[in-house]
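What follows is a short report on a single structure.
The values are calculated or read from the model by the stated rules, or taken from the named source; none is laboratory data. This one's a predicted model, so the numbers in the text were calculated from it and none came from an experiment. Note that we place each Cβ from the backbone using ideal geometry, even for glycine, and neighbour counts take in every protein chain shown. Ligands, DNA and RNA are stripped out before the accessible areas are found, and what is left, the full protein with its side chains, is counted by its heavy atoms. Shrake-Rupley method; radii C 1.70, N 1.55, O 1.52, S 1.80 Å.
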Amino acid sequence: MATILGIESTCDETSASICIDGKIYSNTIATQSVHEKFGGVIPELASRAHQQNIIPTVEQAIKEAKIHKNEIDAVAFSRGPGLMGSLLVGISFAKAFALAKNIPLIEVNHMQAHILAHFIEDPKPSFPFLCLTVSGGHTQIVKVNDYFSMELIGQTIDDAAGEAFDKTAKILGLSYPGGPLIDKYAQQGNPLAFSFPEPRVPGFDFSFSGLKTSILYFVQKNTNENPNFIENNLADICASVQNRIVSILLNKLEASAFQTEIKNIAVAGGVSANSGLRNGIKQLGEKHSWNVFIPKFEYCTDNAAMIAIAGYHKFLQNDFVGQDVTPLTRWAIG
Ligand code: KG4
Ligand code: ZN
């Protein structure tokens, strides 16, 4: 039996999870609302909130899993990439817990963990598979050869897909994080009402900063002519922006699947909660006979279950780290 405590604190979610023999028994998430009014995560406020949340979150995860803390065999934590202050809180807690209980520590790469969220529940993808990881900080296409053998084959050269959603939301006066709100309004809008440019970027890389600028100019121009433009057209603007972000993502994913001849296609990260992306990838999957894998909603956004499952697979390989481990704000996936 292996009981793993997983800790996630890379950005603005404090989360703890218990995994026993590869099965998740709890996944407690404390979301920080302090950032809403700022239109983005304020790092110093994030680390302070992690400090307040970490102990109650871990206690809740242990309680929900109906175990005693002495039954935990190892602590897995997100070592990065993420915000330095936020990471420090999770790592310091993990170290202290491991030291107190005399159990090993397991470092987990947050971006690998988003992908390994596919191994929490059935159906699980078989290797090799391609994973489009889309979050607030990253946009990547990764060839996954094995649990911890991953190759980055495409990534954003500027903003991440989640940032494109969040920055658009800010332009439209919506609160942070904007992705879920844009998704919500988009469902009542016409995706073809307005047209935004598709960037030309070579290979399987992405770019979203030009799109952001074109949305900003578009909104400014129309609001000058009609101060109620956003209010009167919110659903159509959201639907059109979402349609373009999704098409940018799916066109590259389709091209990379053709080139690698891989038909096991997965999507991960916070933006994979987006209904337009989920529908789009399912449709492409039917067209090309792909096996499509989309994790359950709670395992898409930042969560500790993905850290615990990654930790479990490292535990099986006796892959531990010492008390001298330090956070990594940047950490390549492969
Ligand atoms: O993976 P995640 O929880 O955190 C990071 O590691 O960044 O991703 C957060 C991102 C945010 O940008 C948020 O706006 C976006 O995921 N997001 C969505 C949706 N739900 C979350 N974007 C579009 N549609 C959604 N339904
Ligand atoms: Zn994430």
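Label sites at Ala96 and Gln187, each approximated as a point 7 angstrom past Cα along Cα to Cβ, lie 4.1 nm apart.
For segment 184-320, the alpha carbon convex hull comes to 156 Å³ per residue, rounded to a whole number. Taking a Cβ cut-off of under 11 Å around Ala308, the surrounding Lys, Arg, Asp and Glu residues balance to a net charge of +1, with basic ones at +1 and acidic ones at -1.
Please report, to one decimal in angstroms, the Kirkwood hydrodynamic radius of segment 137-211 built from all distinct Cα-Cα pairs. Roughly 14.1 Å, rounded to one decimal. For the chain, the longest principal axis of the C-alpha atoms and the axis of helix 161-171 are separated by about 60°. Think of it as helices only: each DSSP H run of n ≥ 4 in the chain is worth -39500 (n - 2.57), and spread over all residues that comes to -14000 deg cm²/dmol at 222 nm.
Taking the longest Cα principal axis of the chain as reference, the axis of helix 275-288 is set at about 90 degrees.
Database remark: amide H of Ala268 closer than 5 angstrom to the amide H of Leu132, Thr133, Val134 (H placed geometrically; neighbours at sequence offset of 5 or more, or on other chains; Pro and chain starts carry no H).
For Ala74, the residues whose amide H sits under 5 Å from its own are Thr3, Leu5, ignoring neighbours fewer than 5 places away on the same chain, with H placed 1.01 Å from N. When only alpha carbons are used to place a centre, segment 87-116 and segment 135-182 end up 24 Å from one another. A 1.4 Å probe run over the protein chains yields, for the chain, 44 Å² of accessible area per residue, whole-number rounding. Relative contact order of segment 44-193, taken over Cα pairs closer than 8 Å and 6 or more residues apart, is 13 percent. For segment 132-143, 3J(HN,Hα) computed residue by residue from phi via the Karplus equation (6.51, -1.76, 1.60; θ = phi - 60°) reads 8, 9, 10, 9, x, x, 9, 9, 9, 10, 10, 8 Hz, glycine and proline entered as x. Counting every pair of alpha carbons in segment 70-227, the share spaced more than 26 Å apart comes to 46 percent. Taking the inverse of the mean 1/r over every pair of distinct Cα atoms in segment 111-150 gives a Kirkwood hydrodynamic radius of 10.4 Å. Could you tell me which of rounded, prolate or oblate describes segment 34-152, using a ≥ b ≥ c as the square roots of the eigenvalues of the alpha-carbon gyration tensor, with rounded for a/c under 1.5 and, failing that, prolate when a/b is larger than b/c and oblate otherwise? Note, shape of segment 34-152 comes out oblate. For Phe206, the residues 5 or more places off, or on other chains, whose built amide H falls under 5 Å of its own are Gln155, Thr156, Ile157.
Taking the C-alpha atoms only, the angle from helix 209-225 to the longest principal axis of the chain is near 50 degrees. Cα-based values for segment 251-315, radius of gyration first and Dmax second, are 13.4, 39 Å. Relative contact order, whole percent, for the chain stands at 25, derived from Cα pairs under 8 Å and 6 or more residues apart. Modelled spin labels at Asn228 and Phe297, positioned 7 Å past Cα toward Cβ, are 3.3 nm from each other. Debye sum, Cα scatterers, the chain, no solvent: what log₁₀ I/I(0) at q = 0.07, 0.14 1/Å? Result of the Debye calculation: -0.29, -1.08. Can you figure out the FRET efficiency of Glu64 with Val321, using R₀ = 22 Å and their beta-carbon distance, to the nearest 0.05? FRET efficiency, Glu64 to Val321: 0.25. In this structure, the residue pairs whose Cα-Cα separation is over 27 Å, taken from Lys37/Lys314; Lys184/Lys221; Lys37/Lys63; Lys66/Lys282, are Lys37/Lys314; Lys37/Lys63; Lys66/Lys282. The slack between Thr213 and Ser195, meaning 0.36 nm per residue of separation minus the straight C-alpha distance, is 5.1 nm.
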